[in-house]
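Report on the structure given below.
The values are calculated or read from the model by the stated rules, or taken from the named source; none is laboratory data. From a predicted model like this one, the values you see are computed outputs, not experimental measurements. Cβ coordinates were reconstructed from backbone atoms using ideal geometry, including for glycine residues, and neighbour counts include every protein chain displayed. We work out accessible area using only protein heavy atoms, side chains counted, and drop any ligands, DNA or RNA first. Shrake-Rupley method; radii C 1.70, N 1.55, O 1.52, S 1.80 Å.
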Amino acid sequence: MKRKILGESRNPKQFLFGFCCALVVLLIVDLFIHKHGEFSWERAPGFLALYGFGSCVALIFIAKVLRVFIKRDEDYYG
């Protein structure tokens, strides 16, 4: 019998709770780390996390736009 890690109803909730706790701890630790940014906004607390998240979201939207131009027919290779 194959076991599922997130199969039981309480496991996804525990995973999400643990994930959120880890994010909060990392944001708190970020307040105490000295950053060597070239610009003033790079030294702001949480800037790198927001910049990384924004970059990922931008890449997803760029990929959706590029899909319109690059997409092939379903039987293109067949």
To the nearest 0.05, what FRET efficiency results for Phe39 and Ala63 with a Förster distance of 22 Å applied to their C-beta separation?
-> 0.20
To the nearest 10 square angstrom, what accessible area does Arg67 show with a 1.4 Å probe?
-> 150
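Length gain on complete extension for the stretch Phe53 to Lys13, per 0.36 nm per residue less the alpha carbon to alpha carbon distance?
Stretched fully, the Phe53-Lys13 segment lengthens by 12.1 nm.
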Accessible area of the chain divided out per residue, in Å², using a probe of 1.4 angstrom = 102
Could you check how much of the accessible area of the chain is carbon and sulfur, as a whole percent, using a 1.4 Å probe?
-> 69
Computed ³J(HN,Hα) along region 25-41: with the Karplus parameters 6.51/-1.76/1.60, θ = phi - 60°, integer Hz and x for glycine or proline, the list is 4, 5, 5, 5, 5, 4, 5, 9, 9, 7, 9, 10, x, 6, 10, 5, 6
In Hz, Karplus ³J(HN,Hα) per residue of region 45-59 (6.51, -1.76, 1.60; θ = phi - 60°; x = Gly, Pro) | x, x, 4, 5, 5, 5, 5, x, 5, x, 5, 5, 5, 5, 4
Which of Leu48, Leu31, Leu59 fluctuates most in a GNM of the chain (C-alpha springs under 10 Å)? That residue is Leu59
Between Val25, Val57, Val68, which gets the highest mean-square fluctuation from a Gaussian network model of the chain, Cα cutoff 10 Å?
-> Val68
Three-way shape call for the chain based on the alpha-carbon gyration tensor, with the a/c threshold at 1.5 | oblate
